[in-house]
Amino acid sequence: MQPETYYRDHWLDVDPERVGAYEEMFRWRPEMAPMLAPADVGEGQSVVDYGCGPGMLSLELAQRVGPSGHVHAVDINAMFLARAEEHARVAGVRDRISFHHIEKDLLPLEDASVDRIICKNVLEYVDEPVSTLRDFRRVLRPGGLVHATDSDWGMLVVEPIGPERLGRIFDAASIAYRTPLIGRKLYGLMRAAGFEEVRVGVLTGPDTQGRAAPILLNMAKYARESQQLEASEIDRFVEDVKTAIEKETYLLVLPQFLVTGAVPN
Ligand SMILES: C[S@@+](CC[C@H](N)C(=O)[O-])C[C@H]1O[C@@H](n2cnc3c(N)ncnc32)[C@H](O)[C@@H]1O
């Protein structure tokens, strides 16, 4: 993979053996409801799940729109879409979801055809976030909402890894993100794309148990693949995180920005 396009290519080349780990990481849990609340998804709506991955959120959206609504699950990774389709079949909501494999960061949908677009932890990977958001605006009906949730990697705190050390690991890992500071930029990007009534929220639920540690293991993997650091520095980082979890001295905070914009009526 080339460093210049790694941010996209690493999603096209997911090892099938890691899909289960991603499904566990993205699994919908009831305590995630505040993350989705500003999107105001309800019965009968037509909703896009942009960058749906293996479909964990698409299933929740299908429950919320009910039999009279519809979900468009969209991703660049065909294997994730196949998994998502299988999950939908098992959950008995296959007929409520259409699956769209895309190659460009554009929606294969008609102008003014949907009520909601949900985009969870995806805009950090697209080529040009403002162009993608303009395309979202094209597809939304008057009165429709876009709801994006994204991390801001510059705000990541990991105890006991100090800021300088974490910064070195992150700088190497940042080949995996097109816009690593997307969280703080979302408000401006949505305004630039023509959305109105843009609202910003931040959720900061800290992890003390290691549930979010796969994020750090992914970061270590990206740092390794960048070949910018000695392997021993990355190994030490992973070991220190694991030891801290065991000794109950670990803490991770990665704020999630929730940004919601409206298309005027
Ligand atoms: C961090 S995962 C989030 C998955 C899902 N939204 C969730 O939170 O459960 C990022 C997803 O975005 C997809 N993705 C990456 N770049 C994309 C792009 N340019 N357009 C659409 N999807 C993309 C990846 O294939 C992956 O499924």
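The values are calculated or read from the model by the stated rules, or taken from the named source; none is laboratory data. All values reported here derive from a predicted model rather than from experimental measurement. Glycine also receives a Cβ, built like all others from the backbone with ideal geometry; neighbour counts cover every protein chain displayed. What goes into the accessible areas is simple: the full protein's heavy atoms, side chains included, and nothing from ligands, DNA or RNA. Shrake-Rupley method; radii C 1.70, N 1.55, O 1.52, S 1.80 Å.
A few comments on the model shown:
- Residue match in region 131-148 (condition: under 25 Å from V253 (Cβ atoms) and open to solvent by 30 Å² or more (accessible area, probe 1.4 Å)): no
- Residues satisfying the stated conditions in region 177-211, i.e. buried (at least 16 other Cβ atoms within 10 Å of the Cβ) and either small (G, A, S) or free of Cβ contacts under 8 Å to residues at least 12 places away in the same chain (or both): G183, A193, G210
- The residues of region 3-60 that are more than 11 Å from the ligand (Cβ to nearest atom), assigned to a loop (DSSP other than H, G, I, E, B) and among the acidic types (D, E), listed by number, are D15, D40, E43.
- Residue selection: V241 fails the criterion of being part of a strand (DSSP E or B), in contact (Cβ under 8 Å) with a residue 60 or more places away in the chain and at negative phi.
- Any hit, region 244-252, residues being touching a helix residue (DSSP H, G or I) at 6+ places or on another chain (Cβ under 9 Å) and in a helix (DSSP H, G or I): yes
- One residue stands out among those in region 103-114 that are open to solvent by 20 Å² or more (accessible area, probe 1.4 Å) and in contact with a helix residue (DSSP H, G or I) (Cβ under 9 Å, 6 or more places away or on another chain): the one that is farthest from the ligand (Cβ to nearest atom), which is A112.
- Residue within region 79-93 that is among the acidic types (D, E) and in a strand (DSSP E or B) present: no
- Contacts under 6 angstrom Cβ, first residue in region 19-35 being at pLDDT 90 or above, partner among the small types (G, A, S) and not in a helix (DSSP H, G or I), 6 or more apart: F26/G53
- Filter pass, I117 being open to solvent by less than 50 Å² (accessible area, probe 1.4 Å), under 18 Å from R64 (Cβ atoms), touching a strand residue (DSSP E or B) at 6+ places or on another chain (Cβ under 8 Å) and within 13 Å of the ligand (Cβ to nearest atom): yes
Here's the yes/no breakdown for (1) touching a residue at least 40 places away in the same chain (Cβ under 8 Å); (2) within 12 Å of the ligand (Cβ to nearest atom); (3) more than 14 Å from the chain's Cα centre (by Cα):
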| site | (1), (2), (3) |
| --- | --- |
| D75 | no, yes, no |
| S98 | no, no, yes |
| V126 | yes, yes, no |
| A148 | yes, yes, no |
